[in-house]
Amino acid sequence: MLIREYHAGEELALREVFHSSVHQLAAGHYRPDQLAAWAPQTFDKEAWARGVRTSCPFVAEEAGRIVGYGDLQASGYIDHLYVAGWHARRGVGSALIQHICSVAQRRGIPELTSDVSLCAESLFARHGFSVVERRTVVLGGVEIANARMCRKDPCGEARARGLPPRAVPRGMSVLMTPPLALYVHFPWCVRKCPYCDFNSYTLNGELPLEPYVQRLGRDLAAQAPQVAGRAVTSVFFGGGTPSLFSPDAIGRVLDSARRHLTLAHDLEVTLEANPGAVERGAFREYRAAGVTRVSLGAQSFDQARLSALGRIHSPADTRLAAAELHAADLGNFNLDLMYGLPGQELAAAVRDVQEALSLAPAHLSHYQLTLEPGTVFAAQPPPLPDDDAAAGMLAACAERLLAAGYGQYEVSAYARAGRQCRHNLNYWTFGDYLGAGAGAHGKLTFPERAQIVRTVQLREPRRYLAATDDALARRVIAARELPFEFMLNALRLTGGFDAQMFPARTGLDWQEIAAPMQAAITRGLIVRTATGYRPSELGLRFLNDVLLGFMSETPKFAGSSALSIGVSGARSGASRPLFTGPGSVIGE
Ligand code: SF4
């Protein structure tokens with residue numbers, strides 16, 4: 001979810017939010033005649049639009065749709081805060097209030113007040129507001145009860161939760177709660193590929209399906225309290241090879257997630273599948289179990305190249321799997337494709353893209369094969385095309401993809417309109433994710449403690465299976481690391497990021513990155529957009545150089561193997577490109 005400034009011409013969308021908020025969210029607290037007086041169907045639309053224009057600077061947007069809005073007047077008065085009824089209890093109200101509080105803090109406004117409807121009292125109370133007066137207002141001749149609520153200072157939230165003011169470290173402003181996703185890792189494969197540095201293991205013997213499903217249930221139950229009250233907007237079953245697990249097993253893991261977490265009603269659920277390790281006809285059952293999207297590891301359509309990569313599937317397996325996906329109402333699938341393969345020439349790389357397009361995927365991930373430390377290929381490198389040849393392949397393939405109607409929205413990701421991967425977009429906009437399963441990584445934001453925490457589970461499956469709940473490792477990300485971490489993700493996006501997202505997602509002032517940002521702009525690596533910043537074409541090609549400018553002087557990421565800066569089109573660490581283990585909001 002994005003909190004942004006209101007744009008002229010959005011009055012109608014706001015009015016829709018206002019009506020659904022009043023008639024759906026307030027219905028439990030007010031009578032129908034009170035609701036009708038509050039939000040009458042006939043009223044002076046011009047006056048309403050004028051009022052909105054002058055007092056509504058913040059809008060909450062999700063997937064291109066306005067889902068809430070709020071304002072902050074110079075006096076510290078919040079006149080508007082409405083969340084669409086269809087987004088109830090998804091954290092939109094919380095995100096708006098946190099944003100307003102953080103703006104108030106920056107503007108030096110010492111006190112916030114609002115006249116709050118009965119249905120929103122608890123929401124405001126959670127953010128440090130307390131009732132100073134109970135009131136009855138008269139609207140359209142009908143009496144309506146509300147409460148005047150007040151929050152004394154920008155650190156009120158921490159105080160309200162019994163935390164000392166110093167819980168908000170110097171240099172950090174108030175963090176906002178970002179959207180939340182769930183990543184579930186399945187660590188086994190039929191055979192380990194020689195180029196693969198993921199946390200994956202050749203399956204020797206029987207798949208421990210039942211113990212693993214149960215262990216995942218325990219993992220989710222143990223981690224759930226960290227994200228209580230927040231809605232999960234996407235789930236990603238990654239690996240390894242999750243399609244080794246039956247549809248029934250995947251369905252039961254989803255059931256566990258549903259039992260312990262709050263899942264959004266329009267949840268995106270992605271399953272990674274290996275065309276050589278999925279039962280024929282199983283996609284229908286995965287769909288019935290709740291999977292809405294599949295990511296298929298095609299890699300190439302040339303049998304010789306697939307054999308060189310050690311893949312267990314054939315081009316025919318991929319074609320058959322794609323046909324089955326379409327037939328199973330899973331046309332929203334991704335194909336993973338690699339280029340720069342051993343002995344590959346430009347024409348062959350382009351042929352692979354054309355073959356992929358003929359299967360009509362909704363999304364295509366296009367990665368360069370790189371030699372990752374610790375892999376068989378790193379020890380015995382195959383003959384790979386040189387950098388110039390690989391760059392030529394990238395350019396020629398990108399041209400074919402764009403001509404076929406696939407927009408590039410990330411360094412390695414192309415999608416048909418509206419088919420971007422919501423789960424990966426959450427990583428790239430520095431959202432939160434809970435990580436469950438062997439070696440899974442998580443990232444969670446705790447605004448009340450002004451902390452962003454990384455979590456990692458035990459990597460080795462046997463140890464993970466036997467571990468107790470306290471085996472999950474946690475590390476608070478130091479403030480000095482946040483600029484680099486944020487940019488590592490946000491600058492992968494071709495559209496870049498909104499300027500206000502940086503303070504909201506990191507809790508840091510813009511000043512922290514003003515100098516390196518200006519330097520990158522001067523070098524032509526980053527360009528300004530209407531609302532923020534994006535990498536230029538040059539910047540996308542030399543992203544590592546851009547990112548180095550945002551690194552602090554102090555060495556960091558010791559032991560944090562989850563991060564990679566091998567980003568320039570390369571397959572950097574995972575088919576979720578940033579984190580070996582992982583994986584909007586939210587609402588009142
Ligand atoms: S590349 Fe995929 S299929 Fe091959 S070992 Fe790694 S996770 Fe398993």
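General observations
- Per residue, the accessible area of region 439-552 comes to 41 Å², computed with a 1.4 Å probe over protein heavy atoms only.
- Among 37-43, 293-299, the peptide with the highest mean count of other Cβ atoms within 10 Å heads the list, and the full ranking is 293-299, 37-43.
- Calculated from backbone phi, Karplus (6.51, -1.76, 1.60) coupling profile of region 483-496 in Hz, x at Gly/Pro: x, 5, 4, 5, 5, 3, 8, 5, 7, 6, 7, 5, x, x
- Phi-based couplings in Hz for region 238-254 (Karplus 6.51, -1.76, 1.60; Gly and Pro marked x): x, x, x, 10, x, 6, 5, 8, 5, x, 4, 5, 4, x, 6, 5, 4
- Averaged over residues, the count of other Cβ atoms within 10 Å places the peptides 508-517, 461-470, 238-247 in the sequence 238-247, 508-517, 461-470, highest first.
- Test item: Cα-centred dipole of the chain, Lys/Arg +1 and Asp/Glu -1 on Cβ, debye: 980 debye
- Solvent accessible area, Å² - ILE109, 1.4 Å probe, full protein context: 20 Å²
- Taking the protein heavy atoms of the chain in the context of the full set of protein chains, the accessible area attributed to carbon and sulfur is 53 percent at 1.4 Å.
- With θ taken as phi - 60° and the Karplus curve 6.51 cos²θ - 1.76 cosθ + 1.60 applied, the whole-hertz 3J(HN,Hα) list for region 424-429 is 5, 4, 5, 4, 6, 9 Hz, x standing for glycine and proline.
- Dipole axis of region 2-167 (+1 Lys, Arg; -1 Asp, Glu on Cβ), positive-most option in GLY64, ILE100, VAL138: ILE100
The values are calculated or read from the model by the stated rules, or taken from the named source; none is laboratory data. These numbers were taken from a predicted model, which means no experiment stands behind them. Methodologically, a virtual Cβ is constructed for each residue, glycine included, from the backbone with ideal geometry; neighbour enumeration extends over all protein chains shown. Remember, those area values only see protein heavy atoms, side chains included, never the ligands or the DNA or RNA. Shrake-Rupley method; radii C 1.70, N 1.55, O 1.52, S 1.80 Å.
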